Amino acid sequence: MKILVPVKRVIDYNVRPRVKADGSAVDLANVKMAMNPFDEIAVEEAMRLKEAGIATEVVVVSCGLPACQETLRTALALGADRAILVETDVELQPLAVAKLLKALAVQEAPQLVILGKQAIDDDSSQTGQMLAALMGWPQAVFASKVTVVDGKAKVAREVDGGTETLEVSLPAVVTTDLRLNEPRYATLPNIMKAKKKPLVTVKPADLGVDVAPRLATLKVAEPAKRKAGAMVADVAALVDKLKNEAKVI
Amino acid sequence: MSNYAAPIRDMQFVMKELAGLDRVAALPGYEEASPDLVDAILEEAGKFAGGVLAPLNFSGDQEGSRWQDGAVTTPAGFKDAYQQFVDNGWPALACDPEYGGQGLPRLVSMVVREMWKASNMAFSLCPMLTQGAIEALALAGSDELKQTFLPNMVSGHWTGTMNLTEPGAGSDLAAVRSRAEPQADGTYKIFGQKIFITWGEHDVAENIVHLVLARTPTAPAGVKGISLFVVPKFMVNADGGLGERNDAWCASIEHKLGIHASPTAVMVFGDHGGATGYLVGEENRGLEYMFIMMNEARIAVGLEGVAISDRAYQQALAYAKDRIQGKDMRVRGGGDVPIIRHPDVRRMLMMMKSQIEAMRALAYVVASALDHAHASPDANDRARNQAFSDLMIPVVKGWCTENANDITSLGVQVHGGMGFIEETGAAQHYRDARITAIYEGTTGIQALDLIGRKIARENGATVKAVIAEMSALDAKLAAQEGADFATIRKALAEGVAAVSACVDFILANFAKEAALVAAGSVPFLKLMGVVSGGWQMARAALAADALLKEGSGDPAFYRAKIATSRFYADHVMPQAAGLARTMLEGGESVLALEEAQF
Amino acid sequence: MAILLIAEHDNARLKAATLNTLTAAAKIGGDIHVLVAGSGCGPAADAAARLAGVAKVLVADAAHYGDQLAENLAALVVATAQAGGYSHVLAAASSQGKNFMPRVAALLDVAQVSDIVAVESADTFVRPIYAGNILATVKSADAVKVITVRPTGFDAAGEGGSAPVEALAAGPDLGISKVVSRELTVSARPELGAAKVVVSGGRGLGSGENYHKLLEPLADKLGAALGASRAAVDAGFVPNDYQVGQTGKIVAPQLYIAVGISGAIQHLAGMKESKVIVAINKDPEAPIFQVADYGLVADLFTAIPELTAAL
């Protein structure tokens, strides 16, 4: 079976984002970019399913600027077989990405689409669910364990207060939580091979998708900084402050 | 404890703008090294260094390698990390494709090795020594030896060591006493004791391939009577599998100032009837092979100076941004600020940053020259690049490692009292850096090599060509506008004049008064380093300015590069005049006292 | 203008997050209808009817809503939203709301505004991005606004209403997914996301045994929920659902006590909205002190028993 893994290029998670001086957007100029960490987990899970003999092909997709090619090459270096870039300079929002992915899912007919539960830039946590809805497929989001048996996926997912295990028919969409796996590091031979693996570029118009944004960002700002408070000398002083100053106990 | 993030942006800048990655990639055999592949390699190697190796650096130092009954246990996590290092194919990066290597240029290998060394210097020594052993075998070993050992060494499944030093033979290897007795089957029995054997015994790989210097019974005395042997820890069967344990044992490991995770072994050969060894190349030519190999080992240790300095810098910088203490002198009535706002803390950080960038630039430029020396289709080009790297290797080794001692010391200083506390981690870099100026030839040995073999012996031909190249930059700097470039130009001109005067002094005096010249050889080596670094920083400023004008890339990075180059001109280049004076006038006072007067 | 609010509940009771979501809905303005979909969910619907500001409660009671499966729930919400001509559809940004709401938005062909922490107007909202390092003000151009609400951004609504309860015909059972099992952490303590007091432990505790031995008595005294840093979870001291931070729960209690937590950015992202933060750590340099209202540099192995005894 084929697995489609959408990956997003985002600000490297080690980099603290900064707001542009005019407050219109986050400043992305010359900032180190990397694959969304949850998507790395998605690539890893797809690779493990392939290595286990369950998947036969892993196709990675990224939507956005030409530079997303780097993210795709990273995924290819982790072992994915081929890549598709949906190239556009329009700001893509989750619904638009879900529609692009739907068009590709129709073309590619994967049995599983695995993607991160959210991107660490906009933190929307929507794309996987939206794709599942548009395809009329079941979904298993925030996955912490995935097993595929007899045309069904059994997925343990992280929910408030514990874990829930779902059984979904295939094809289906799975989104990854942090504890699903620990992504591997690319091997040198695979990094070198990645350069030669196929990467095709399409445009949203080729897929017949209108990607115009639906949400307008009016402004972005850093939240008010919390001021450091006082140091207390000992436990007695702490209890006194909590009782008499903060009045929280 | 600190994180390590590979300084990929500076690495790329130096590779592309100063070390001519495009020209290296144009050499026959290096076509693979396209910019996008190199970027991907740097990115992924950086992740591995930061994610796998760096987290073991502090714990490895605390725990250290342990010896018991001849076996060495490396610190927790090292064995797994090494396995991952091998599984991910990193050992093979620059090796010959014939034996499973990826055949990438030295320049690329240099950058990746900087990451291993910076993230975990003690760990990095294991692949570094293996690399050295691979090069020695590839250089002089028979086909049979190569087929037997190289594939598993290239993959990293077996590691390699260099057994040179003996209790009575350190810097002077002519004193080697280990014996090699020829056997009827063409092998030799090796007897003797070797010390300071880096990663001589460990638990991270299944076999260890020792390269051992020893004398055959008929060998002449001195350096011309030393041969090189391969002595595996486990014998290799005809089918390539591992056989009997060889008579090569680790008697103990050293308790050291730094690199605690790297086991430094005392090796005993032949205590139980003789260790089986195979001759590498011809008898009595061992030292010659070693020196060819050692050239590359020396630049690798110089790079270690860059790497450990960068790790110390990253840690100091993070602390300086984090630590709140004192007021900003420029703000009246302001609150407490991070210490990076204090002028002297900034000065220390700039001293670290500017010298690291200069050292990195020089090391990569020399690595690039080595690639041309090996792979250029033009014999003249090969010779010119070989001469340039031969001249510069003692400078890279000596200057970068001496600087590493100063820079890691500054790293401690930035932390104030916390720097003196082991838990902070700054002290480890300081301790780890100390060995770099000692092993693979002390700074004194490098300086003698520089003035004697590399300058006086060829009557200064190469160094004069380098001086001419440095001087040629003057016109370009003169064409630039602004105070930064004016300062850089003046500092470089003064520095080049200082080098030039000292070279004249060496050439005039080496033959008749070698001791007088030798007395100033280390100051001269530092002078060469300071000025060569300034030369590279001037080139860097010009390249950054051109890219700024072109409007491509990251303007903040380029502006910082120019400002850093200016800082180097203001704060480091003035050392040149003092060092020159020391060499030109200071030799006599070095030699003045009778021993009894000390 | 009417708002459809999807209640989160366990059939017997409403989950606390529903009350915060109701406050957000009230700020948008307009009639608020609460949809309670479940199996045997009458008591939860009655509870919704008693909330102040609710105009109507819609109940869809069917076996196939018992597990709150996203596929079935989304189909019902879409049908209800379209039939009722609602301008807004709201749910809590809990693991449940995050699960089904994007399906609703996609099927309605509208964008979703995730995780809002403030309402500027009926079409403009504030939401955290980049793990809360940045707040974005976004305006929706869609006819229907599908919104998930971060509970910590809004106060809980109170009781005092008596809205009519209306039964709704159940939608189809799509049958493409089912719950095989649930392993919920059984705890007498308040739910982490809703607790007024949270006691959190980090790697400084050294072991899971120490975590329980030291922090449980303190949490018992304070009626607190227990949380943990990612480092403590990664070290295996406690399960992942204890995790407070960017990749775990976002909490904003009245009192947050961080014990042996250094204060990595990811952790701060999950608790910095707490009203009062107390940090206890032996390292005076720990970044947690920079956000703490009260900091105590002390060995937690003596300070915590002392604190527990003093309360």
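Here are a few things to note about the model shown:
- Restricting the first member to segment B:76-88 and to residues that are touching a residue at least 40 places away in the same chain (Cβ under 8 Å) and more than 14 Å from A:Y185 (Cβ to Cβ), and the second to residues that are of a type in the set (S, T, N, Q) and part of a loop (DSSP other than H, G, I, E, B), the beta-carbon pairs closer than 9 Å and six or more apart or on different chains are B:F78/B:S65; B:F78/B:N120.
- Residue list for segment A:111-133, filter: at the interface with chain C (Cβ under 7 Å from one of its Cβ atoms), crowded, with 24+ Cβ neighbours inside 10 Å and under 21 Å from A:P183 (Cα atoms): A:S125
- Of the residues making up segment C:192-202, not a single one is surrounded by fewer than 15 Cβ atoms within 10 Å (Cβ to Cβ), more than 18 Å from the chain's Cα centre (by Cα) and small (G, A, S).
- Selection from segment C:51-70 of residues that are within 21 Å of the chain's Cα centre (by Cα) and of a type outside the set (G, A, S): C:L51, C:V54, C:Y65, C:D67, C:Q68, C:L69
- Residue within segment B:373-382 that is part of a helix (DSSP H, G or I), under 15 Å from the mean Cα position of the chain (by Cα) and touching a residue at least 24 places away in the same chain (Cβ under 8 Å) present: no
- Within segment C:129-147, the residues that satisfy the criterion of being in contact with a Leu (Cβ under 8 Å, 6 or more places away or on another chain), part of a strand (DSSP E or B) and more than 7 Å from chain A (Cβ to nearest Cβ) are C:V146, C:I147.
- Matching residues, segment A:26-67, being among the small types (G, A, S) and at negative phi: A:A29, A:A34, A:A42, A:A46, A:A52, A:A55, A:S62, A:A67
- Residues within segment B:293-320 that are among the β-branched types (V, I, T) and either farther than 16 Å from B:S119 by Cα or more than 8 Å from the chain's Cα centre (by Cα) (or both), tallied: 2
- Per-region count, segment B:536-585, residues surrounded by fewer than 18 Cβ atoms within 10 Å (Cβ to Cβ), in a helix (DSSP H, G or I), without any contact (Cβ under 8 Å) to a residue 24 or more places away in the chain and within 14 Å of chain A (Cβ to nearest Cβ): 5
- A residue that is part of a loop (DSSP other than H, G, I, E, B) and away from chain C (no Cβ under 14 Å) cannot be found anywhere in segment B:305-316.
- Unique match (being in the same structural domain as B:G77 (by TED's automatic domain parsing), under 30 Å from B:C400 (Cα atoms), of a type outside the set (D, E) and free of Cβ contacts under 8 Å to residues at least 60 places away in the same chain) among B:H255, B:H260, B:H202, B:H272: B:H255
- Within segment C:127-155, restricting attention to residues that are buried (at least 21 other Cβ atoms within 10 Å of the Cβ) and closer than 13 Å to A:T217 by Cα, the residue that is farthest from the chain's Cα centre (by Cα) is C:S140.
- Subset of segment C:269-287 that is closer than 21 Å to C:P128 by Cα and more than 8 Å from every other protein chain (Cβ to nearest Cβ) - its residue that is modelled with the lowest pLDDT: C:A269
- Test: residue in segment B:125-133 that is surrounded by fewer than 24 Cβ atoms within 10 Å (Cβ to Cβ), modelled with pLDDT under 95, more than 27 Å from B:S309 (Cα to Cα) and away from chain A (no Cβ under 14 Å): no
- Note on segment B:434-521: enclosed helices (runs of 4 or more DSSP H) holding 1 or more residues that are without any contact (Cβ under 8 Å) to a residue 24 or more places away in the chain are B:461-478, B:483-509.
- Filter pass, B:I259 being under 22 Å from the mean Cα position of the chain (by Cα) and buried (at least 18 other Cβ atoms within 10 Å of the Cβ): yes
- When the residues of segment B:28-82 are filtered to those that are at positive phi and not charged (D, E, K, R), the one that is surrounded by the fewest Cβ atoms within 10 Å (Cβ to Cβ) is B:G70.
- The conditions of being assigned to a loop (DSSP other than H, G, I, E, B) and either under 30 Å from B:I299 (Cβ atoms) or among the basic types (K, R) (or both) are met by B:R330.
- Matching strands (runs of 3 or more DSSP E) fully within segment A:134-249 where at least 2 residues are in contact with a Phe, Trp or Tyr (Cβ under 9 Å, 6 or more places away or on another chain) and either more than 10 Å from chain C (Cβ to nearest Cβ) or touching a residue at least 60 places away in the same chain (Cβ under 8 Å) (or both): A:172-176
- Residue list for segment A:89-103, restricted to those being more than 8 Å from chain C (Cβ to nearest Cβ) and out of contact with any helix residue (DSSP H, G or I) (no Cβ under 7 Å at 6 or more places or on another chain): A:D89, A:V90, A:E91, A:L92, A:A96
- Residue within segment B:77-90 that is in contact with a Ser or Thr (Cβ under 7 Å, 6 or more places away or on another chain), within 11 Å of chain A (Cβ to nearest Cβ), within 30 Å of B:I253 (Cα to Cα) and not in a helix (DSSP H, G or I) present: yes
- Where strands (runs of 3 or more DSSP E) sit wholly within segment B:137-224, those with at least 2 residues that are over 30 Å from A:T187 (Cα atoms) occupy B:179-182, B:188-198, B:207-214.
- Any hit, segment B:282-290, residues being on the phi > 0 side of the Ramachandran plot and either touching a helix residue (DSSP H, G or I) at 6+ places or on another chain (Cβ under 6 Å) or modelled with pLDDT under 95 (or both): yes
The values are calculated or read from the model by the stated rules, or taken from the named source; none is laboratory data. The structure displayed is predicted, hence computed values, not measured ones. Here Cβ is always computed from backbone atoms with ideal geometry, including for glycine, and neighbour counts include all displayed protein chains.
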